[in-house]
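Asker: Okay, here's the structure, questions in a sec.
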Amino acid sequence: EAGVTQFPSHSVIEKGQTVTLRCDPISGHDNLYWYRRVMGKEIKFLLHFVKESKQDESGMPNNRFLAERTGGTYSTLKVQPAELEDSGVYFCASSGVSLGTQYFGPGTRLLVL
Amino acid sequence: ILNVEQSPQSLHVQEGDSTNFTCSFPSSNFYALHWYRWETAKSPEALFVMTLNGDEKKKGRISATLNTKEGYSYLYIKGSQPEDSATYLCAFRPTSGTYKYIFGTGTRLKVLA
C-alpha cells in the first residue's frame, strides 16, 4: 500500500512569489491534515479536512494560505504571496478515522528568499 | 494553551548504550499520546500510540511507558545502533473535540559507531 506522498520535495522561491504544495493521502483515507515545522520549533497543526470539507482550519497563519481538497482525494496548499517567515517543512498526514493514527508524508521543504 | 515538552533536545550516545527521553504533556484533557521516529527527508514513522495510564508498549529494542496522572511518557532504546539515529517526536492528542496533534519539539538522537 502506497503511503502519503507530497510534491515537490523541495521548493525555493523568492518573497512575493506563489507556491502550491500537493499532498496525496493514503487511498481511502477521508481525513487529511496539514502541519508545518519552522526550523528549530515544533511541528504545528494547520488544518484538517474530512473528505472535501474543512473541519478545522484554526492553525492557518493568515489569509495568504489557501488549502483545497476538491473531490476529497488529493489536497493542495497554496501560499500567495510567500513571505520569508513561511520557510519550513510542510507535512501532510492522513488517517482512516478521525481519531486514528495519522500517517505522514515526507514533507515539502520550502525556502523563501 | 496546551504545551508539550520533550527532553533532552538532543543527545549523542555510543553504539550499544541504552538511552531514554521524556515527553511531558498536560495531565488533564488526555486522549492519546503518539510517538514517531523521523529521519530527515523521510516520512515520520509511527512507533506507538498510548492511551491508558500505565501503558507499556514495545517494538524490538524500543519501548515506551505512559503516566497520564502526572503527564509524562518515556521512550527507551536498548542497545542503541547507528540506525536508531533520528529525531523522536511525541504528539499529544487532547479530548477537547479536535483531531489535531500537538507536537513536542523532538529529541534528536545521534548514535556513534
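Asker: Take the range A:61-101 and flag every residue that is at pLDDT 95 or above, over 17 Å from A:T18 (Cβ atoms) and within 14 Å of chain B (Cβ to nearest Cβ).
Answerer: A:V89, A:F91, A:C92, A:A93, A:S94
Asker: Follow-up question, since we're still on this one. Provide a single number: the residues in the range B:27-41 that are surrounded by 15 or more Cβ atoms within 10 Å (Cβ to Cβ), more than 10 Å from chain A (Cβ to nearest Cβ) and either outside any strand (DSSP E or B) or of a type outside the set (A, V, I, L, M) (or both).
Answerer: We begin by selecting, within the range B:27-41, every residue surrounded by 15 or more Cβ atoms within 10 Å (Cβ to Cβ); these are B:30-38.
After this cut, where a residue has to be more than 10 Å from chain A (Cβ to nearest Cβ) as well, the list is B:30, B:33, B:35, B:37.
Of the ones still in play, those that are also either outside any strand (DSSP E or B) or of a type outside the set (A, V, I, L, M) (or both) are B:30, B:35, B:37.
Counting residues in the range B:27-41 that are surrounded by 15 or more Cβ atoms within 10 Å (Cβ to Cβ), more than 10 Å from chain A (Cβ to nearest Cβ) and either outside any strand (DSSP E or B) or of a type outside the set (A, V, I, L, M) (or both) gives 3.
Asker: So, B:L75, is that one away from chain A (no Cβ under 14 Å) and either surrounded by fewer than 17 Cβ atoms within 10 Å (Cβ to Cβ) or β-branched (V, I, T) (or both) or not?
Answerer: On the way: away from chain A (no Cβ under 14 Å): yes; either surrounded by fewer than 17 Cβ atoms within 10 Å (Cβ to Cβ) or β-branched (V, I, T) (or both): no.
It is false that B:L75 is away from chain A (no Cβ under 14 Å) and either surrounded by fewer than 17 Cβ atoms within 10 Å (Cβ to Cβ) or β-branched (V, I, T) (or both).
Asker: Sticking with this one: Can you name the residue in the range B:78-103 that is free of Cβ contacts under 8 Å to residues at least 60 places away in the same chain and assigned to a loop (DSSP other than H, G, I, E, B) and is also surrounded by the most Cβ atoms within 10 Å (Cβ to Cβ) among such residues?
Answerer: First, pick out the residues of the range B:78-103 that are free of Cβ contacts under 8 Å to residues at least 60 places away in the same chain: B:83-87, B:97-100.
Those left that are additionally assigned to a loop (DSSP other than H, G, I, E, B): B:85, B:97-100.
Numbers: B:S85: 16, B:G97: 7, B:T98: 16, B:Y99: 19, B:K100: 22.
Ranking the candidates gives B:K100 first.
Asker: Sticking with this structure for a sec: Of the residues A:V97, A:V12, A:V50, A:V4, only one is β-branched (V, I, T), under 27 Å from B:M50 (Cα atoms) and surrounded by fewer than 14 Cβ atoms within 10 Å (Cβ to Cβ); which? Walk me through it before giving the result.
Answerer: Values: A:V12 fails: under 27 Å from B:M50 (Cα atoms); A:V50 fails: surrounded by fewer than 14 Cβ atoms within 10 Å (Cβ to Cβ); A:V4 fails: surrounded by fewer than 14 Cβ atoms within 10 Å (Cβ to Cβ).
Answer to the check: A:V97.
The values are calculated or read from the model by the stated rules, or taken from the named source; none is laboratory data. If you're wondering where the values come from, they're calculated on a predicted model, not measured in any experiment. Cβ: placed from backbone, ideal geometry, glycine included. Neighbour counts: every protein chain shown.
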